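The values are calculated or read from the model by the stated rules, or taken from the named source; none is laboratory data. The structure displayed is predicted, hence computed values, not measured ones. Here the Cβ is made from the backbone with ideal geometry for all residues, glycine too, and neighbour counts use every protein chain on show.
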Amino acid sequence: MTDPILPPIEEKRSYVQQMFTDIAPRYDLMNRLMTLGQDRIWRRTVIDLCNLPRYGRLLDVATGTGDIGYEALKRDLSLDVVGVDLAREMMVRGRGKVAGVSFPFATADALSLPFADNSFDAVTSGFMMRNVVDIRGAFLEQARVVKPGGRVVCLEITLPNAPVFGPLFRFYFFKVVPLIGGVITGQRQAYTYLPHSAVKFPQPPRLAEIMRSAGLRDVQYRLAMPGIAGVGTVAIHWGTR
């Protein structure tokens, strides 16, 4: 059955692009609020898993306001970081938001990255895969542009099924987050789309299979929800080209 909240597949790209353009002014604030600040910890883990060498090259796909790129440069200013996104307004908000640190942003589609094969030591994405029309195609592009031996790291939402925590999280995610999003950003529809986009998104084991089918090896994942063993509200996957 089609979810009435979600756009038809043929309209998804333009819908997502406009949605992120609309929420760009308050995107960072809303992220901090709805994740209770945990998104910063998750992004640090993403950079850890990239295993970047000194002077390495990092591509962050669907970079938004550049949080992953800035986190990488906070660790090592020798890195060559590039961020790409469909929504130009998100990147405009990201440029210059961290004093003394900068990296190039460019408009690009995750399914057609404007880079040569074997260009980067690692490729990351944060909360992007739910928004693409072809998950395997996006991983194929990331695997193409990463160097042999380099890593692809994906941070994405997952809906927990734990008996007590699962229903509590779903209530928060489906009822409270849209309410907060509407108040903070004036775009309640965007934060109603957010939880619904996670419903049919592949569970972590299946997403790992998709990554393997895109040519990545040694694919692993971990669930991230501090203090609750075996329960996660996000999953971080990584694999090697």
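Data for the structure
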| item | result |
| --- | --- |
| Test: residue in region 100-113 that is more than 22 Å from ALA62 (Cα to Cα) and of a type outside the set (D, E, K, R) | yes |
| Residues satisfying the stated conditions in region 91-133, i.e. under 14 Å from the mean Cα position of the chain (by Cα), surrounded by fewer than 22 Cβ atoms within 10 Å (Cβ to Cβ) and in a loop (DSSP other than H, G, I, E, B) | PHE127 |
| One residue from LEU59, LEU111, LEU77 being of a type in the set (A, V, I, L, M) and within 26 Å of ALA224 (Cβ to Cβ) | LEU59 |
| Matching residues, region 55-90, being of a type in the set (Gly, Ala, Ser) and in a loop (DSSP other than H, G, I, E, B) | GLY56, ALA62, GLY64, GLY66, SER78, ALA87 |
| Selected residue (criterion: modelled with the lowest pLDDT) from residues of region 134-164 that are surrounded by fewer than 16 Cβ atoms within 10 Å (Cβ to Cβ) and either small (Gly, Ala, Ser) or under 20 Å from LEU194 (Cα atoms) (or both) | ALA162 |
| Output for region 34-77, where each listed residue is under 22 Å from ASP117 (Cβ atoms) and of a type in the set (Phe, Trp, Tyr) | TYR55 |
| Only one of VAL153, VAL177, VAL183 that is touching a helix residue (DSSP H, G or I) at 6+ places or on another chain (Cβ under 7 Å), in a helix (DSSP H, G or I) and either farther than 21 Å from ASP85 by Cα or among the hydrophobic types (A, V, I, L, M, F, W, C) (or both) | VAL177 |
